[in-house]
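Novice: Okay, here's the structure, questions in a sec.
The values are calculated or read from the model by the stated rules, or taken from the named source; none is laboratory data. Computed from a prediction, not measured in an experiment: that's the story for all the values here. Using ideal geometry, Cβ is built from the backbone for each residue, glycine included, and neighbour counts are taken over all protein chains shown. The area values use the complete protein model at the heavy-atom level, side chains included, leaving out ligands, DNA and RNA. Shrake-Rupley method; radii C 1.70, N 1.55, O 1.52, S 1.80 Å.
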2 protein chains.
Amino acid sequence: MRNLITDVRGIVVGNAEDTAAATGVTVALFERPSIASVAVLGGAPGTRDTALLEPGMSVEHIDAVVLSGGSAWGLGAADGAMGWLAREGRGFPVGGYRVPIVPQAILFDLANGGDKPWARGEGEAPHRHLASVAAAGAAAEFALGSAGAGFGATTQNLKGGLGSASIRAATGQVVGALVAVNAVGTATIGDGPHFWAAPYEHGLEFGGRGWPTAMSPQDLALRFKGGPGANTTIALVATDAVLTKAQARRMALAAHDGLARALRPVHAPLDGDVVFAVATGHSGAPSDAFALTELCASAADVLARAVARAVYSATALPFPGAKPAWRDRFGG
Amino acid sequence: MRNLITDVRGIVVGNAEDTAAATGVTVALFERPSIASVAVLGGAPGTRDTALLEPGMSVEHIDAVVLSGGSAWGLGAADGAMGWLAREGRGFPVGGYRVPIVPQAILFDLANGGDKPWARGEGEAPHRHLASVAAAGAAAEFALGSAGAGFGATTQNLKGGLGSASIRAATGQVVGALVAVNAVGTATIGDGPHFWAAPYEHGLEFGGRGWPTAMSPQDLALRFKGGPGANTTIALVATDAVLTKAQARRMALAAHDGLARALRPVHAPLDGDVVFAVATGHSGAPSDAFALTELCASAADVLARAVARAVYSATALPFPGAKPAWRDRFGG
């Protein structure tokens, strides 16, 4: 187990970044078309092809999920992943053509210090190209922290980033999470090194600092980053189980509990928090509602851990006034 | 401040119970018709008049919210509250009639040891009558623990119950929560006295036990109560702020984060978790998206605290094999 979403059989992940612009793209490719759904709980989402993920809609299988920076400017990224997939002969076949199904969500990283000339009307946003590069490089190993869609991401107090984690659920099936953390709030408690996700940590995967010995009311005071709309945490949870689309929807909803436990605040009017859920179907179906609940609760756990790992792994952007990284503040 | 949802100006609450059947009803009455919405995130909900609470629907104001035991048998309870309201001359006026708008959610308490003859086809369910009694007795003070809709409620390891809490948000507005806790999971960590909601506790409102000094992986092992469908946590959060219906919807969604932080697991396929949100409009509107986020995050906090207070305040049912109360296990 790599403690990455790629521990779920049938998934590879690739990152690509534009360092001058301080933005990037992460692509999760599914070896075979996979059952998927989504839950959009934030108040300011930016998405593409999420409507088809409702359980009542006809398309049930998707080829990839794209997480991207760029705010709405990043919504072209899925084009790049679709192009790469079509060149590989993948995607839904129709009349001699291929239509790869690639839902996407974006986060806002425009105001992080990187130069975004296209958002001033100069040239084109890089995300389509970045997604093509990310898809071509997708593999079982990929970088966390300031990488891919998390490259330009921030939280209220610290650099955000890309996180991932996995677990073998009590049912024997594998569940993994991939997340780009750009929350309006914080992943850490007060001014200290402790992560809200501490109760769920495996080993030292995000520093092993545990829970603070004491908390003050001030630790619960809300702190907000930037302006309205300048936020958002976007994620993918995945399992190797066989799920129906409705079960995938339930897993996506339950996984949001992991965001609730790892970030404060979250699901704000200012966040566009989105979680996709995918079932690659390499292991069996959950035997009953309890087994499905195990998978759902595991999705929440791995997503909480992935959020903390994102912030724990990040490095600061090289711009004046950039948010410090967790490691800059609290060591290795 | 009573640390109850009735600290929100314009709200009174009443309880009524059928002790032999071990079920009950809680009614929250709004002094004047109030803006409301709802978020249904559990997989097995039982509700009444929730469709009209969608932001796009025409009815914007409601007169009361009913939380009830009885599973689907309890869905007649709102009739009792409507009847009481009509006798008081309240409700939406139309053609010389009154139509009180009373959305409702239920929880499953059939298998808690109390005798439910109506569910064997003998006689009628008591919830309509109980709601009428609860409405007539609604006041600023009301009982927590094994009372009202929480009378017959349980969690996986301990007696559930009715909880409430309030806070004055950083914006100056009051936010309160009312909840009947009947989760498939637990409100406490492992086998100990510590509540998952501990980080959010005010004073000694649920015992002041704080966070455990150490956690074991076993503390995260999921434990499930009863059979599928035998669960559900139902809640109302309220503020004295002026909100739009869409903002109330956002508050209801955000308040679910309080359930995520206070219960493990929650939002399961086996839970019908529902949160209503109401704005009585006695104070001002949130000044911006940050102020709305403060209200939303406060709703999550008070709901987490209310969940712990429900379990902390409960007393065991007098039946063989009944779940122990927190106080039976861990003292006063």
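Novice: What single numbered condition from (1) assigned to a strand (DSSP E or B); (2) at pLDDT 95 or above fails to hold for B:GLU141?
Specialist: Here B:GLU141 meets the rest and fails (1).
Novice: Taking the condition of being in contact with a strand residue (DSSP E or B) (Cβ under 8 Å, 6 or more places away or on another chain) and either within 14 Å of chain B (Cβ to nearest Cβ) or assigned to a loop (DSSP other than H, G, I, E, B) (or both), how many residues in region A:144-171 meet it?
Specialist: Residues in region A:144-171 being in contact with a strand residue (DSSP E or B) (Cβ under 8 Å, 6 or more places away or on another chain) and either within 14 Å of chain B (Cβ to nearest Cβ) or assigned to a loop (DSSP other than H, G, I, E, B) (or both): 15 in total.
Novice: Another question about this same structure. Test each condition in (1) among the polar types (S, T, N, Q); (2) open to solvent by 10 Å² or more (accessible area, probe 1.4 Å); (3) more than 24 Å from B:ASN231 (Cα to Cα) for B:ASN112 and report the one that comes out false.
Specialist: Only one criterion in (1) among the polar types (S, T, N, Q); (2) open to solvent by 10 Å² or more (accessible area, probe 1.4 Å); (3) more than 24 Å from B:ASN231 (Cα to Cα) is unmet by B:ASN112, namely (3).
Novice: Determine if region B:208-218 includes at least one residue that is more than 15 Å from the chain's Cα centre (by Cα) and surrounded by 24 or more Cβ atoms within 10 Å (Cβ to Cβ).
Specialist: No; the residues of region B:208-218 include none that is more than 15 Å from the chain's Cα centre (by Cα) and surrounded by 24 or more Cβ atoms within 10 Å (Cβ to Cβ).
Novice: Could you count how many residues in region B:8-36 are basic (Lys, Arg) and assigned to a strand (DSSP E or B)?
Specialist: The number of residues fulfilling the criteria is 1.
Novice: Would you confirm whether any residue within region A:317-325 is within 27 Å of A:GLY10 (Cα to Cα), open to solvent by less than 10 Å² (accessible area, probe 1.4 Å) and out of contact with any Asp or Glu (no Cβ under 6 Å at 6 or more places or on another chain)?
Specialist: Our first condition is that a residue be within 27 Å of A:GLY10 (Cα to Cα); within region A:317-325, this holds for none.
No, region A:317-325 contains no residue that is within 27 Å of A:GLY10 (Cα to Cα), open to solvent by less than 10 Å² (accessible area, probe 1.4 Å) and out of contact with any Asp or Glu (no Cβ under 6 Å at 6 or more places or on another chain).
Novice: What is the number of the single condition among (1) surrounded by fewer than 24 Cβ atoms within 10 Å (Cβ to Cβ); (2) under 30 Å from A:GLY123 (Cβ atoms); (3) in contact with a helix residue (DSSP H, G or I) (Cβ under 6 Å, 6 or more places away or on another chain); (4) among the hydrophobic types (A, V, I, L, M, F, W, C) that A:VAL59 does not meet?
Specialist: Result: A:VAL59 passes all but (2).
Novice: Looking at B:ALA248, is it open to solvent by less than 20 Å² (accessible area, probe 1.4 Å), modelled with pLDDT of 95 or more, within 14 Å of chain A (Cβ to nearest Cβ) and assigned to a helix (DSSP H, G or I)?
Specialist: Working: open to solvent by less than 20 Å² (accessible area, probe 1.4 Å): yes; modelled with pLDDT of 95 or more: yes; within 14 Å of chain A (Cβ to nearest Cβ): yes; assigned to a helix (DSSP H, G or I): yes.
Yes, satisfied.
Novice: Out of all the residues in region B:252-310, which are assigned to a loop (DSSP other than H, G, I, E, B), open to solvent by less than 10 Å² (accessible area, probe 1.4 Å), more than 18 Å from B:THR6 (Cβ to Cβ) and more than 7 Å from chain A (Cβ to nearest Cβ)?
Specialist: Correct list: B:LEU263, B:ASP271, B:GLY272, B:ASP273.
Novice: Starting from region A:36-49, take each residue that is away from chain B (no Cβ under 13 Å) and list its partners that are open to solvent by 10 Å² or more (accessible area, probe 1.4 Å) and among the β-branched types (Val, Ile, Thr), counting only C-beta distances under 7 angstrom and pairs at least six apart or across chains.
Specialist: Cβ pairs passing all conditions: A:VAL38/A:THR50; A:GLY46/A:ILE106; A:THR47/A:VAL40; A:ASP49/A:ILE101.
Novice: Suppose we filter B:ALA135, B:ALA77 for residues that are touching a Phe, Trp or Tyr at 6+ places or on another chain (Cβ under 6 Å), open to solvent by less than 50 Å² (accessible area, probe 1.4 Å) and not in a loop (DSSP other than H, G, I, E, B); which single one remains? Steps first, answer last, please.
Specialist: Numbers: B:ALA77 fails: touching a Phe, Trp or Tyr at 6+ places or on another chain (Cβ under 6 Å).
One residue alone meets the criteria, B:ALA135.
Novice: Also, I was wondering about something else. Which residues, counting only those in region B:189-223, are among the basic types (Lys, Arg) and at pLDDT 95 or above?
Specialist: Restricting attention to region B:189-223, the residues satisfying the condition of being among the basic types (Lys, Arg) are B:209, B:223.
Selection gives B:ARG209 alone.
Novice: Which residues, taken from region B:226-242, are surrounded by 23 or more Cβ atoms within 10 Å (Cβ to Cβ), within 13 Å of chain A (Cβ to nearest Cβ) and in contact with a helix residue (DSSP H, G or I) (Cβ under 7 Å, 6 or more places away or on another chain)?
Specialist: Within region B:226-242, B:THR233 is the sole residue that qualifies.
Novice: Select, from A:GLY203, A:GLY176, the only residue that is assigned to a strand (DSSP E or B) and either away from every other protein chain (no Cβ under 12 Å) or over 18 Å from the mean Cα position of the chain (by Cα) (or both). Spell out the reasoning first.
Specialist: Numbers: A:GLY203 fails: assigned to a strand (DSSP E or B).
On inspection, the qualifying residue turns out to be A:GLY176.
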